[in-house]
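The values are calculated or read from the model by the stated rules, or taken from the named source; none is laboratory data. A quick note: this is a predicted structure, and the numbers were derived from the prediction, not measured. Glycine gets a Cβ as well: all are built from the backbone with ideal geometry, and neighbour counts include every protein chain shown.
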Amino acid sequence: MLFRPLLFLAPLLLAAASLAPTAEARTTGALVRGVTDAQVLYRSTTVNLRAGRPAEAEASLKTLVALWDETAAAILADPPPLAQRINLFAEQMEGSRARLKRAADALSQGRTDGALDELAPLKRDWITLRLGLGLYGLVECLDESNQALDALMTHKRQTPDLTRAEARVDIIARTAVYRFALRRCESFAASDPLGDGDFRRQAEAIGAALDVIDSAIRLRDPALLDRVLTDLKTFDTQLTQRFGG
């Protein structure tokens with residue numbers, strides 16, 4: 001007669017088994033939503049700070065602090081398996097929480113630069129976190145294109161000899177990598193809350209500057225190359241801050 005208790009327990013065991021994936025999906029979803037929404041609020045905060053709009057910045061930062069507190073509390077209480085992919089996951093969550101509160105304190109004291117300094121490392125931390133979770137979007141794409149530009153900017157830090165074919169080929173190759181990396185971001189910008197109109201206008205300005213690099217190489221004009229690289233850095237910074245925070 002032992003089968004009767006087992007038959008009674010079977011539905012309970014099946015129900016418990018069905019709840020486990022649901023709970024796991026819930027905590028995973030909370031983490032994904034938390035870090036994704038945090039990037040949006042981070043951008044709003046930093047853009048407003050740089051534009052001299054402290055009231056708007058303080059409002060978005062307050063929302064960001066509350067969001068991260070809620071996310072960290074929920075996730076650290078029951079970390080999803082995905083968290084095991086990320087080194088020092090708990091420390092990152094708590095570190096972000098502490099940094100956000102320090103930024104909020106600085107802003108409440110009128111120290112805009114101090115708030116920006118506290119916030120700055122979070123951009124990289126959250127990119128790393130999202131990549132560890134297998135997520136990739138506009139912020140991550142712009143970070144990659146920015147790295148491609150940094151590789152091209154070596155020719156500003158050290159003036160190339162444009163009479164040498166090797167130097168010209170290297171500049172052309174690095175320019176092509178940056179152009180391609182930035183173009184990849186257009187599809188992500190199309191679904192961005194800010195819309196892609198402003199993104200495309202700024203990207204077109206960058207594309208026009210990249211075309212000038214071809215002229216500098218053709219004319220063997222290092223001064224022209226230096227000027228256009230300066231412009232590119234400015235345009236790229238404006239774009240990444242506008243859409244990446």
Verdict on Val169 being without any contact (Cβ under 8 Å) to a residue 60 or more places away in the chain, out of contact with any helix residue (DSSP H, G or I) (no Cβ under 7 Å at 6 or more places or on another chain) and more than 17 Å from Ala223 (Cβ to Cβ): yes
Selection count where residues are within 16 Å of Ala38 (Cβ to Cβ), outside any helix (DSSP H, G or I) and at pLDDT 95 or above, scope segment 84-119: 0
Members of segment 161-173 that are part of a helix (DSSP H, G or I) and either touching a strand residue (DSSP E or B) at 6+ places or on another chain (Cβ under 7 Å) or not small (Gly, Ala, Ser) (or both): Glu166, Arg168, Val169, Asp170, Ile171, Ile172
Filter pass, Ala66 being assigned by TED's automatic domain parsing to the domain that holds Gly34 and either free of Cβ contacts under 8 Å to residues at least 12 places away in the same chain or out of contact with any Gly (no Cβ under 6 Å at 6 or more places or on another chain) (or both): yes
Top-ranked residue in segment 123-134 [being crowded, with 17+ Cβ neighbours inside 10 Å and hydrophobic (A, V, I, L, M, F, W, C); ranked as nearest to Leu82 (Cα to Cα)]: Leu133
Residue check for Ile75: more than 17 Å from the chain's Cα centre (by Cα) and either assigned by TED's automatic domain parsing to the domain that holds Thr237 or in a helix (DSSP H, G or I) (or both): yes
